Amino acid sequence: VISLGFRDRSMILKSLYASTAASVCKAALCKESKSFRSYIDSLVSLYYDPGDRSARILVCKAIKDILHRVPRERLKGVIDPIIPLMFMARVEIENGNEKNIGEMYQDLWLENVDLFKVEKHLELIIDECLVSLRRPAWLNKRQGIESIEKLVPVAGKKLLPFCNDIVGVLVELLPGRVWDGKESVPLALARVWSLAIESSGVSDSGAKWATANELVSGVLLQECSNFSLPLKYHMSLFDAINQVCEKERLERPEEEISIVAQLIETVHRLVLRFREEKPVELLKKKQEEALIASAIEAVGKAWPRRNTPELQLKNFDPVTGLFSESIKGSGWAVQLAVMNSLRDVMIYSAIPAALDEERIKKVMDLAFLAIQQNKNPRVIVAALKVILSGLERVNVGHGSEVLAAEIFAELLPLAKYCKENVVELLHHNEPTVVHLASLIETAASDILKRNS
């Protein structure tokens, strides 16, 4: 009956009703009291419906009164329904208020951390997160997503039994309207999926997104292909592809990543679209560059492994064409991304099946072009690492690779080319640049001596 007072328009009276209700709860004969549990349920309902700011503040006040007045032993078990709510309410952020609602709930959580054990109530919290993700209010969706992101480092592998359900709901959220905070969805999806494959939690499920190929091709790239997306959300999709492909490479090296052609095509169209745009303001230009950089990094992460030289050979010209197009007139962020991805191509390509003298020279040319166009030491260092990776693979081979004498001889002009072009960098003012340049000179000299 007292809880009906929450319908009053006066916030002062509502607070008084909350204090009175807490005192009644304290006087309840036992923790199984139906009225006590009914009151807790009414607070959870009030938080979401009507769900306005004043209701959420009132619920925080009412919970605080209960926690301060009712003995701990009487609370255990009966307050379980508010624990998921408390966990999610902490992530609400408001602009323009001295203390936002999320901070109020966070303070209350920390004051009573002995009651709110995440591991003990993990299933309750996850269930409520999934319900929130399906609620129509964007605030509740954001809370569900951010709460899941918070759970990954806290719960770790204890999340594994729930990963399939979480990934499934997050996949459902991707299509459709882009709401404020939706950029967290692809990143949360990548994190939970990555956690799951560490123990084959997704790959054994039979879901349509069980492998990196299926998740990227069937889900993430479908979204990326819409070039009218807000830049922040668009970039989060490519960041997610980066994470997924990198995790697949680390955890399942035998799994063939076959999405590179589709990814190259999507990124190439994205690059050309921005090239055709009229001049834009500096801030938007930087955001576009950040997006292209993330997309190009994803191409490198998705580059096929050495056990698929035919796939590498088929995509070598398209990928170097994309990188060459991307470098033109671009800023340091894009050029850095191109160099990082070129290094992936250099490291993971099979020699000589997919990476012969002509193709290695093509990669080297792009690296030296970036050095010539840039004063940014990060780009120069990344470009030198590309060149060094190529020379090291040629000089000492990799694993069981052995270069025939005639093939090795063809690479002598390449070694000479590299040695001549790093001479100036030996006097650079950045120590890392000098160090890498000297390593390249040594590697090139070793190749030349080997055939002298």
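The values are calculated or read from the model by the stated rules, or taken from the named source; none is laboratory data. In this text the structure is predicted, and so the values were computed from the model without any measurement. Ideal geometry is used to build each Cβ from the backbone, glycine not excepted, and the neighbour counts take in all protein chains shown. Just the protein is used for accessible areas: all its heavy atoms, side chains included, with ligands, DNA and RNA removed. Shrake-Rupley method; radii C 1.70, N 1.55, O 1.52, S 1.80 Å.
Please report the net charge: other residues with Cβ closer than 14 Å to the Cβ of Ser324, K and R +1, D and E -1. Please report the intermediate quantities before stating the final value.
On the way: positive: Arg275, Lys328, Arg359, Lys361, Lys362; negative: Asp317, Glu325, Asp365.
Local charge sum for Ser324: +2.
To the nearest 10 Å², what's His121's accessible area with a 1.4 Å probe? Rounded to the nearest 10, that gives 10 Å².
Grab the Cα-Cα distance for Lys157 and Val434, subtract it from 0.36 nm times how many residues apart they are, and report the gain in nm with one decimal. Kindly include the intermediate steps, with their values, before the conclusion.
Values: separation 277, 0.36 × 277 = 99.72 nm, distance 4.40 nm.
Separation in residues times 0.36 nm, less the Cα-Cα distance, equals 95.3 nm.
Among 341-349, 36-44, 306-314, 359-367, sorting by the average number of other beta carbon atoms lying within 10 angstrom of each residue, highest first, gives 341-349, 359-367, 36-44, 306-314.
As an exercise, identify the trypsin sites (Lys or Arg not before Pro) in segment 131-203 lying in DSSP coil whose Cβ has no more than 15 other Cβ atoms within 10 Å. Counting only loop positions with at most 15 other Cβ atoms within 10 Å, the trypsin sites (Lys or Arg not before Pro) in segment 131-203 are Arg134, Arg177. Using the Cβ of Glu149 as centre and a radius below 11 Å, the other residues enclosed give a net charge of +2, where K and R count +1 and D and E count -1. For the pair segment 357-379 and segment 41-89, the centres of their Cα atoms are 60 angstrom apart. The simple Förster model, with R0 at 41 Å and r as the Cβ-Cβ distance, assigns Lys284 and Leu124 a FRET efficiency of 0.40. Using the Cβ-Cβ distance between Glu420 and Glu198 with R0 = 30 Å, the FRET efficiency computed as 1/(1 + (r/R0)^6) comes to roughly 0.05. Summarising the label geometry, the points placed 7 Å from Cα in the beta-carbon direction at Arg53 and Leu412 lie 7.7 nm from one another. What FRET efficiency comes out for Ser228 versus Arg72 if R0 is 51 angstrom and r is the Cβ-Cβ distance? Round to the nearest 0.05. Efficiency, rounded to the nearest 0.05: 0.40.
Per residue, how many Å² of accessible area does segment 52-131 show with a 1.4 Å probe? Write out the running numbers ahead of the final one.
Values: 3560 Å² over 80 residues.
Using a 1.4 Å probe on heavy atoms only, each residue of segment 52-131 averages 44 Å².
Tell me which GluC sites (Glu not before Pro) from segment 102-198 have a DSSP coil assignment and no more than 13 other beta carbons within 10 Å of their own. Counting only loop positions with at most 13 other Cβ atoms within 10 Å, the GluC sites (Glu not before Pro) in segment 102-198 are Glu119.
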